[in-house]
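These notes are about the structure you will find just below.
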Amino acid sequence: GQSLEQPSEVTAVEGAIVQINCTYQTSGFYGLSWYQQHDGGAPTFLSYNGLDGLEETGRFSSFLSRSDSYGYLLLQELQMKDSASYFCAVRSRNSGYALNFGKGTSLLVTP
Amino acid sequence: NAGVMQNPRHLVRRRGQEARLRCSPMKGHSHVYWYRQLPEEGLKFMVYLQKENIIDESGMPKERFSAEFPKEGPSILRIQQVVRGDSAAYFCASSRANTEAFFGQGTRLTVV
């Protein structure tokens, strides 16, 4: 089976940096993705890591360590609009490459 | 992502009725995924389909739920004899092979 663990809630101040961790257990690991969701709206794709290392996309970066079954999403220069839920999701060869999501981290950005 | 179209956006059904949720993937995408989300919870995987094939249905309840993705037309998630516990948001996503998935706006199903 598969399991993903991420913190349920994180609070940070506007302008700060926040890191959301994700640990996973899956056989046939293929890649780790991150999605953002505002207030039950459509989840939007943020980042993908198929190989170890850091991927940077503007204010957002994502990191993967396959040997540690661990990744994180780093959000810099936080803005109020970044308040949302953030989901990590894994693809596995053993499940036909379907995306399986963690339970999400609710990020609250305060003034 | 606006490219994945789901309809209806809101659906109300009485207990025992059937619910049909439709998903048209983005142009060029042949992979479709269905997820269910309860309030304040994560996205629970239900089923993964390619054209005319079910690839992984490990998240689908054994009874009353079915999904298809025909050669022509949208993907359909069908829930027969709905119960109150089926009330949730149902999201569809599409992708090319093994690339990032894009989500539709979801269908909010309410069973009364």
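Which is farther than 30 Å from A:L46 by Cβ, surrounded by fewer than 19 Cβ atoms within 10 Å (Cβ to Cβ), more than 12 Å from the chain's Cα centre (by Cα) and not polar (S, T, N, Q), of B:R96, B:R84? Give the derivation first.
Numbers: B:R96 fails: farther than 30 Å from A:L46 by Cβ.
The conditions single out B:R84.
What strands (runs of 3 or more DSSP E), lying completely within segment A:64-107, carry at least 3 residues that are away from chain B (no Cβ under 14 Å)?
Numbers: elements: A:70-75, A:84-92, A:99-101.
Once the strands (runs of 3 or more DSSP E) in segment A:64-107 are filtered for at least 3 residues that are away from chain B (no Cβ under 14 Å), what remains is A:70-75.
Pairs needed: first member in segment B:93-105, within 7 Å of chain A (Cβ to nearest Cβ); second member anywhere, open to solvent by 50 Å² or more (accessible area, probe 1.4 Å) and part of a loop (DSSP other than H, G, I, E, B); C-beta distance under 6 Å; at least 6 residues apart or different chains.
B:N98/A:Y97; B:F102/B:N1
Quick test of your reading of the structure: B:G42 fulfils all but one of (1) modelled with pLDDT under 90; (2) open to solvent by 60 Å² or more (accessible area, probe 1.4 Å). Name the failing condition by number.
For B:G42, the failing item is (2).
Within segment B:23-49, count every residue that is within 15 Å of B:S95 (Cβ to Cβ) and either of a type in the set (A, V, I, L, M) or within 13 Å of the chain's Cα centre (by Cα) (or both).
Count: 14.
Take the residues of segment B:51-78 that are in a loop (DSSP other than H, G, I, E, B), small (G, A, S) and within 14 Å of chain A (Cβ to nearest Cβ): which is surrounded by the most Cβ atoms within 10 Å (Cβ to Cβ)? Show your work before the answer.
We begin by selecting, within segment B:51-78, every residue in a loop (DSSP other than H, G, I, E, B); these are B:51-52, B:57-64, B:69-74.
Retained after the next criterion (residues that are small (G, A, S)): B:58-59, B:73.
With within 14 Å of chain A (Cβ to nearest Cβ) added as a condition, the list becomes B:58-59.
Working: B:S58: 14, B:G59: 18.
Only one residue fits best here, namely B:G59.
Hey, can you tell me all the residues within segment B:9-22 that are open to solvent by less than 40 Å² (accessible area, probe 1.4 Å) and either within 20 Å of B:S94 (Cα to Cα) or in a loop (DSSP other than H, G, I, E, B) (or both)?
Step one: filter segment B:9-22 for residues open to solvent by less than 40 Å² (accessible area, probe 1.4 Å), giving B:11, B:19, B:21.
B:L21, the sole residue that qualifies.
The values are calculated or read from the model by the stated rules, or taken from the named source; none is laboratory data. Owing to the predicted nature of the structure, the values given are computational and were not obtained by experimental measurement. Here Cβ is always computed from backbone atoms with ideal geometry, including for glycine, and neighbour counts include all displayed protein chains. Heads up: the accessible areas ignore ligands, DNA and RNA and are worked out on the full protein's heavy atoms, side chains in. Shrake-Rupley method; radii C 1.70, N 1.55, O 1.52, S 1.80 Å.
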